[in-house]
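Everything on this sheet refers to the single structure shown next.
The values are calculated or read from the model by the stated rules, or taken from the named source; none is laboratory data. None of these values were measured; they are calculated from a predicted model. All Cβ positions, even for glycine, are placed from backbone atoms using ideal geometry, and neighbour counts span all protein chains on display. Heads up: the accessible areas ignore ligands, DNA and RNA and are worked out on the full protein's heavy atoms, side chains in. Shrake-Rupley method; radii C 1.70, N 1.55, O 1.52, S 1.80 Å.
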Amino acid sequence: MDKSILSDFRLTVAEQNLNVYGIVVKQEGKRVEQRFRSDDRVNIYSASKAVTALAIGMLQDAGSLKLSDTLLSYFPEYIGVSTPGSEEITVRDLLHMASGKLAFFGEFRSLDQDNLEAFFRHEVKSKPGEKFYYSNGCTYALSLLVERISGQTLRDFLVPRLFDILGIQNPQWFACPRGHTLGATGLFLTTEELSRIGEVFLGEGTYNGHHIVSPEFIKSCWSDSLHTKLPNASPNGREYGYQVWLGQVPGTYRLDGKYGQYSIIFPREKATITITAHEEHRDSDILKAVYETIWPQL
């Protein structure tokens, strides 16, 4: 793989004035990179969600939880305040964004508010497991589930089990005012570091010979998907797995964060394409450029 594979992508970024920070393409041990600015750590926003999913997979592998377990079974102290239907929400529903609740961090304004309680108090608008509602509250609940089972925050749980193995030293991950890792957003990584998370998915849970999570869980992340049924959804927004989006090319999926934070997994081509950016209005054009200029050359 030669760096010329990025020539048309660089041209598209320049012509459309897309605010890309950098891109890393990896395929079968080969690597090419293009920097548009220094490779500083940036907020990968909702690409953080897929990292949270890895922690759930680790706990499932260890026998510490089942995806069919209900969230309330781990937090019985909230039974008295939860809205009807909350008792049916399973771990799998949270991974799928199918809790039936709309609960975004934007609604959690008070510094002294118990955000998990606020999540349980939200109305269940549809039967859990049946309908997609993109909600940061689902991933926040998964973060607290990891903390409840392991006794560590999500960030600290993953340091020896993921970040150290990937050579990601002292990762910073935003926490809520009560000290719980947000899970849904707020993880800061460089383009290269994000690409290593993508390699874990491409390697079916293994990185440089180190087992991190089972291949069965990784496969479920993209094969056990839910149709979003979003109005006017693009081909990249129609199917959602375990905190990852399925791509317009069948068999591909991606870690996806606001403003153009992507690690796209191409299992058939044994490749990943990872991008960090800050494109506030045309981040979908970055994806389009990847599929039009780079993917045909893999």
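For this structure, a couple of remarks:
- Test: residue in the stretch 80-92 that is closer than 23 Å to P171 by Cβ and modelled with pLDDT of 95 or more: no
- Selection from the stretch 145-159 of residues that are free of Cβ contacts under 8 Å to residues at least 40 places away in the same chain and either among the charged types (D, E, K, R) or in a helix (DSSP H, G or I) (or both): E147, R155, D156, V159
- Among all residues of the stretch 84-105, there is at least one that is part of a loop (DSSP other than H, G, I, E, B), more than 24 Å from the chain's Cα centre (by Cα) and surrounded by 15 or more Cβ atoms within 10 Å (Cβ to Cβ).
- Residue match in the stretch 236-245 (condition: out of contact with any Pro (no Cβ under 6 Å at 6 or more places or on another chain), basic (K, R) and open to solvent by 30 Å² or more (accessible area, probe 1.4 Å)): yes
- Only a single criterion out of (1) open to solvent by less than 70 Å² (accessible area, probe 1.4 Å); (2) over 28 Å from E269 (Cβ atoms) is not satisfied by N17, namely (1).
- Taking the numbered list (1) at pLDDT below 95; (2) closer than 16 Å to S82 by Cα; (3) more than 16 Å from the chain's Cα centre (by Cα); (4) of a type outside the set (D, E, K, R) in turn, G137 passes all entries but (3).
- Per the listing R161, R148, R178, the residue uniquely at pLDDT below 95 and of a type in the set (D, E, K, R) is R178.
- Positions within the stretch 23-70 being under 16 Å from D256 (Cβ atoms) and basic (K, R), in sequence order: K49
- Candidates K258, K270, filtered to the one that is of a type in the set (K, R), surrounded by fewer than 17 Cβ atoms within 10 Å (Cβ to Cβ) and over 18 Å from A184 (Cα atoms): K270
- Only one entry of T276, T206 meets the criterion of being modelled with pLDDT of 95 or more, among the β-branched types (V, I, T) and over 17 Å from the mean Cα position of the chain (by Cα), and that entry is T206.
- Filtering D40, D69, D8, D61 for residues that are among the acidic types (D, E) and without any contact (Cβ under 8 Å) to a residue 40 or more places away in the chain leaves a single hit, D69.
- E28 being within 20 Å of E292 (Cα to Cα), touching a residue at least 60 places away in the same chain (Cβ under 8 Å) and open to solvent by 20 Å² or more (accessible area, probe 1.4 Å): no
- Checking each residue in the stretch 152-204 for being touching an Asp or Glu at 6+ places or on another chain (Cβ under 6 Å), farther than 12 Å from V51 by Cβ and open to solvent by less than 10 Å² (accessible area, probe 1.4 Å) picks out only T191.
- Any hit, the stretch 124-139, residues being assigned to a helix (DSSP H, G or I), of a type in the set (D, E) and more than 24 Å from V213 (Cβ to Cβ): no
- Exactly one residue out of S135, S143, S126 is crowded, with 18+ Cβ neighbours inside 10 Å and either of a type in the set (A, V, I, L, M) or out of contact with any strand residue (DSSP E or B) (no Cβ under 9 Å at 6 or more places or on another chain) (or both), and it is S135.
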